[in-house]
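Chemist: If you scroll down you'll find the structure; I have some questions about it.
Throughout, read-outs are computed from the coordinates displayed, never taken from laboratory work. Every value quoted in this text rests on a predicted model; they were computed, and no experiment measured them. Ideal geometry is used to build each Cβ from the backbone, glycine not excepted, and the neighbour counts take in all protein chains shown.
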């Protein structure tokens, strides 16, 4: 179960499609397509995309993102072809960075550094193409820090972007700064920055979630768990922020299962997560199993059994069915 939770958190990746200023085809609502993607309504999205005849870069991006999300065999070829068609389109390069990293998470290869390199390369190119775009600069700063290697303690190229963002966009500056502080292992300034985020951005789910991850990095796990809970309780209406919100809810539960923080608040976070999910797929089954495990952990056997039974009714995976039956046998004996 712990491995499943870690996989869920690792695969929660935001992919923003809205920055390209083109008009979506008149016969469909682009917002509807974007919502379907982020809510894992992949069959609905695939059907809609088949009906679109006019070329639109955003639609091309969605088609490739869908191929990656559903782990299609030719996903890498589709992504390479998208980049080849639009080598100088910053948004394509930015999303390519996200998608290469998602492919890395899906890959069974032992050495995934090549995929990380492709991801970082595309982030850096996106920022070069649009050097005043804060969103691209944040990811480029992180990519440059990774590219600079272990021995570059100051991460100078990354720091230059962080300093630029300080003048350009305060919110993006703090996102990049937290990445930089993590990459340079500056625990003291990291904790000061988290205090600032709590004070000045207490309703910004993305910043709170990033701050919680920063605390986790520096082994402040009970504090991180509370901040993940706080992040999860911040309601977001932006589709592209849904992955970070899911991550916050899941991370609060993951840490609670390790006896860091408050299990009851983690259950509240998971209840929110389950209530917002629109698709009863295998990912939803994993949420249910995590919810059941937490309830079992606090000795609420009745709720745990009901959750496992619901998960058993939904899953089609033999290994998951076996795991659930084992858990139910333990709870009912």
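Chemist: What distance in nm separates the simple spin-label points at residue 280 and residue 85, each placed 7 Å from Cα in the Cβ direction?
Modeler: Once both label points are built, they end up 3.7 nm from each other.
Chemist: Taking every eigenvalue of the Cα gyration tensor of the chain, multiplying by 5 and rooting it, what semi-axes result, largest first, whole Å? Display every interim value, and only then the final one.
Modeler: Details: eigenvalues 212, 147, 63 Å².
Sorted largest first and rounded, they come to 33, 27, 18 Å.
Chemist: Order by neighbour count: 119, 43, fewest other Cβ atoms within 10 Å first, most last.
Modeler: Values: 119 23, 43 11.
Lowest to highest Cβ neighbour count: 43, 119.
Chemist: While we're looking at this one, here's another question. Taking the beta-carbon count within 10 Å as an exposure proxy, list 51, 320, 70 from fewest neighbours to most. Show your work: numbers first, answer last.
Modeler: Numbers: 51 9, 320 18, 70 13.
Ordered from fewest to most neighbouring Cβ atoms within 10 Å, 51, 320, 70 come out as 51, 70, 320.
Chemist: Mind jotting down the distance between the C-alpha centroids of segment 182-219 and segment 282-333, whole Å?
Modeler: Distance between centres, Cα-based: 34 Å.
Chemist: Taking Cα centroids, how far is segment 232-271 from segment 84-122 in Å?
Modeler: The distance from the Cα centre of segment 232-271 to that of segment 84-122 comes to 27 Å.
Chemist: While we're here: Arrange 325, 93, 40 by Cβ neighbour counts within 10 Å, fewest through most, would you? Provide the component values of the computation, followed by the final result.
Modeler: Details: 325 12, 93 23, 40 19.
Ascending number of Cβ neighbours within 10 Å: 325, 40, 93.
Chemist: Okay, moving on. Run the numbers for residue 50 and residue 329: contour at 0.36 nm per residue of separation, minus the present Cα-Cα distance, in nm. All intermediate terms of the calculation are to be shown ahead of the outcome.
Modeler: Working: separation 279, 0.36 × 279 = 100.44 nm, distance 4.56 nm.
Answer, rounded to one decimal: 95.9 nm.
Chemist: For segment 161-175 and segment 64-80, write down the distance between their C-alpha centroids in whole Å.
Modeler: Spelled out, the Cα-based centre of one part sits 33 Å from the other.
Chemist: Quick one: if you stick a label point 7 Å off each Cα along the C-beta vector at residue 171 and residue 271, how many nm between them?
Modeler: With each label point 7 Å from Cα toward Cβ, the separation is 2.9 nm.
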